[in-house]
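These notes are about the structure you will find just below.
Each reported figure results from applying straightforward, stated rules to the coordinates on display, with no laboratory input. Computed from a prediction, not measured in an experiment: that's the story for all the values here. Don't worry about glycine lacking a Cβ; one is built from the backbone with ideal geometry, like all the others, and counts go over all protein chains shown.
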Amino acid sequence: MKFMNEYRDAAAAGKYAQALRRITTRAWTLMEICGGQTHAIVKFGLDEFLPEQITLVHGPGCPVCVTPIELIEKALATAAVPGVVFCSFGDMLRVPGQSGDLLSVKAGGADIRIVYSPLDALKIAREHPDRQVVFFAVGFETTAPMTALAVHQAAREGIRNFSLLVAHVLVPPAMEAILSAPENRVQAFLAAGHVCTVMGYHEYEPIARKYRVPIVITGFEPLDILQGITMAVRQLEEGRAEVENQYSRAVRREGNAPAQKLIREIFQVVPRKWRGVGEIAQSGLGLRDPYKDYDAELRFGIVQQSLEESPDCISGLILQGVKKPFECPAFTGACTPEHPLGATMVSSEGACAAYYRYRRVGI
Amino acid sequence: MCLAVPGKIVSIEGADDLLRSAKVDFGGVAKEISLAYVPEARVGDYVLVHVGFAISLVDEAEAKEVFEYLRRMDALAEMEGSEVP
């Protein structure tokens, strides 16, 4: 496909590896934010291509992985309410809560449907006015505008049997949380290209300055990632800490203005707990007051106490780049994609699932 | 989750910005896609699509930058190499 295949060219990838070897004089640790980038790195073996002084650690950019266990439990409880049609992206169905997962609730008779877009959930609500249709709104800034439009359309059409369980999270506060942690070892970031397609990258400039950390907005194909790494390493070697845009074919500094406008109209910034990481101030989105009628938590009044994670799962340390999947004693033993202990083993973008799929040989 | 795939706009329907949609071709597979967030998009443009929405036009000139950067790196290395006695 155009704008995809050309960025997988092996000869150009080899040249990037050579360029990196030329410019790298000491050890550097970089974090790629997005789970899509992690997946590409592990799938194409890009990390094995790099000079050995460069270490890539994998970031928290997997919304499925960071959705807190309490919200998963709320999803299970909401989906089990008689008459509810519970709509979700497919990735969420096997994420373990404490009492099970959405798939097991579905097996118990609940009407749980996989949708491709939030607008598909709204369509189900339009077609079934006698049913309560709930959409599990998971995702980063990339996905929030789509949820916002579904709410906007529901309000415009007066559709009352539609609501959201909102789990949207924001990337920049998570990057600051990682940089502020005492065990932090990240010296540069590859920022998430599609998040920046929507939000632009001006909000990363104060982070680069405050923490003296290079941030390179990076795409998802192998050459994008190799160029992003090269740009970040060049900054580190030259003692610069700036925001640079590798993914200029899709990202402008100001981002997508109509999408940001609708996010601001429908949502407000709220504190959010990240699975495995804990609460991060001002790191989530919740519905604004005029749209509270669309809040499934209020509509169904489901209360959830704070819950404990499986003690054998180290996904929090993996999501913060402190550990890698093969450093977990449960990896491939007690924890597999068929029987996951944590969400990083479930999502196709979770670091554990990527390592399980592509890196089991020799472990 | 933040996966977005490039495709080419084949046809457009609807006049209201938020309700505008397009048929987008992904290497032979066509899908109905919302253009709510790319009011500037026209037939023939390439767009990046995420969960049924176009989130950006693909800038065809900038699309070559990944190769241009490599050429500049190589040129730099040659210049530096030539300075070594």
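Pairwise Cα distances in the protein assembly as shown exceed 44 Å for 10 percent of all pairs.
Among B:Ala41, B:Ala15, B:Ala30, the residue with the largest mean-square fluctuation in a Gaussian network model of chain B, with springs joining Cα atoms closer than 10 Å, is B:Ala15. When A:Arg131, B:Arg20 are sorted by how many other C-beta atoms sit within 10 angstrom of their C-beta, beginning with the fewest, the order is A:Arg131, B:Arg20. Is region A:182-256 best put as rounded, prolate or oblate by its Cα gyration tensor, with a ≥ b ≥ c the root eigenvalues, rounded for a/c under 1.5, and otherwise prolate when a/b is larger than b/c, oblate when not? Oblate. In terms of surrounding Cβ atoms within a 10 Å radius of their Cβ, A:Tyr16, A:Tyr358 rank from fewest to most as A:Tyr358, A:Tyr16. When the Cα gyration tensor is reduced to axis lengths a ≥ b ≥ c, the ratio a/c is 1.5 or higher for region A:24-81, and with a/b above b/c it is classed as prolate. Among A:Val115, B:Val10, A:Val216, the order by Cβ neighbours within 10 angstrom, fewest to most, reads B:Val10, A:Val115, A:Val216. Considering region A:87-144 at the alpha-carbon level, its Rg and Dmax are found to be 12.1, 33 Å. Per residue of A:139-148, other chain Cβ atoms within 10 Å of the residue Cβ number 4 on average. Taking 23 Å as the straight-line reach from the Cα of A:Lys323, the lysines in range (excluding those fewer than 8 positions away in the same chain) are A:Lys43, A:Lys273. Per-residue ellipticity at 222 nm, computed for chain A from helices alone with -39500 (n - 2.57) per DSSP H run of at least four residues, works out to -11000 deg cm²/dmol. Normalised by residue number, the volume inside the convex hull of the Cα atoms of region A:25-142 is 122 Å³ per residue.
The Cys residues in chain A with no partner Cys Cβ within less than 4.7 Å of their Cβ are A:Cys34, A:Cys87, A:Cys196, A:Cys313, A:Cys328, A:Cys335, A:Cys352.
In terms of distances greater than 20 angstrom between alpha carbons, the cross-link table entries A:Lys2/B:Lys64; A:Lys261/B:Lys8; A:Lys2/B:Lys8 yield A:Lys261/B:Lys8. An ellipsoid equivalent to region A:238-363, defined through the eigenvalues of its Cα gyration tensor, has semi-axes of 32, 26, 14 Å when rounded to whole angstrom and sorted largest first.
Within the listed set A:Ala79, A:Ala192, A:Ala257, the Gaussian network model of chain A (springs between alpha-carbon atoms below 10 Å) gives the highest mean-square fluctuation for A:Ala257. With Rh defined as the Kirkwood radius, the inverse of the mean 1/r over Cα pairs, the Rg/Rh of region B:5-83 is 1.27.
In chain A, the longest principal axis of the Cα atoms and the axis of helix A:171-180 are about 50 degrees apart.
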